[in-house]
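Notes follow the structure.
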Amino acid sequence: MKKVFLFAFLFLSIASINAQNKLIKERFIKMQQALLDKEFEKSLEFTAEELFEIVPKEQLVSVMEATFNNPKMQIDSDLPKVLDISDVFQVNNKFYAILKITGNQRIRVLGDDNKALGLDDRLLYALKLNFEQQYGSENVKFDEKTKFFNVIVNQTIVSISYDGETDWKYLAIDNLKLEIISKLLPQEVLNKVIEND
């Protein structure tokens, strides 16, 4: 009889974890789809509130609009893939899970004559160096024919919930400076991020 209860408990635990991971993933994909659809305010509804203590929501919306609506820059992105979701863990009064994601972006920059710039242009060459520093040179390719950068973006995302079951929100930490990350997340969460790397 004990084996039956143990099996039932394990089965329910696994089912609960799978449902939780599914919700974490679904909400993350909804946030990313809103971003691709240029619904910036909607995408920020899925962003961890902690970030707005550092950067006001209105400022983030302005940056997104300037970037994605820039007539001199063409950005095409695919929905990212969630590669891994850590176990949910609690620190103080919040629950966390760490996501590893990968995505693909294609970026082309147009000059004043509205023609795509090549790597012989200083601006584009500087952009290439920036991408390589940010994402790794092995993840940045420039197509000389189409003048598009193809950038593979691998990121760590921290998901945060107050009840550990619903309303997951997200914080991409790879591009943030350490002093900002340390203001946004407790040390125990940062340790888990390092463990999951």
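Please indicate, with yes or no, whether at least one residue in the stretch 90-100 is hydroxyl-bearing (Ser, Thr, Tyr) and either closer than 14 Å to residue 155 by Cβ or modelled with pLDDT under 90 (or both). No, every residue in the stretch 90-100 fails to be hydroxyl-bearing (Ser, Thr, Tyr) and either closer than 14 Å to residue 155 by Cβ or modelled with pLDDT under 90 (or both). Checking each residue in the stretch 1-36 for being open to solvent by 80 Å² or more (accessible area, probe 1.4 Å) and modelled with pLDDT of 90 or more picks out 22, 25, 26, 30.
Looking at the stretch 103-124, can you tell me whether even one residue there is at pLDDT 90 or above, under 30 Å from residue 90 (Cα atoms) and not in a loop (DSSP other than H, G, I, E, B)? For the stretch 103-124, residues at pLDDT 90 or above, under 30 Å from residue 90 (Cα atoms) and not in a loop (DSSP other than H, G, I, E, B): present. Taking the condition of a type in the set (Asp, Glu) and open to solvent by 50 Å² or more (accessible area, probe 1.4 Å), does residue 132 pass? Judged against the criteria, residue 132 is not a match. Just one of the listed residues (151, 158, 82) is assigned to a strand (DSSP E or B), under 21 Å from residue 26 (Cα atoms) and free of Cβ contacts under 8 Å to residues at least 60 places away in the same chain, namely 82.
The values are calculated or read from the model by the stated rules, or taken from the named source; none is laboratory data. If you're wondering where the values come from, they're calculated on a predicted model, not measured in any experiment. Quick reminder, even Gly has a Cβ in these numbers, built from the backbone with ideal geometry, and neighbours come from all protein chains shown. Please note that ligands, DNA and RNA were not included when accessible areas were found on the heavy atoms of the full protein model with its side chains. Shrake-Rupley method; radii C 1.70, N 1.55, O 1.52, S 1.80 Å.
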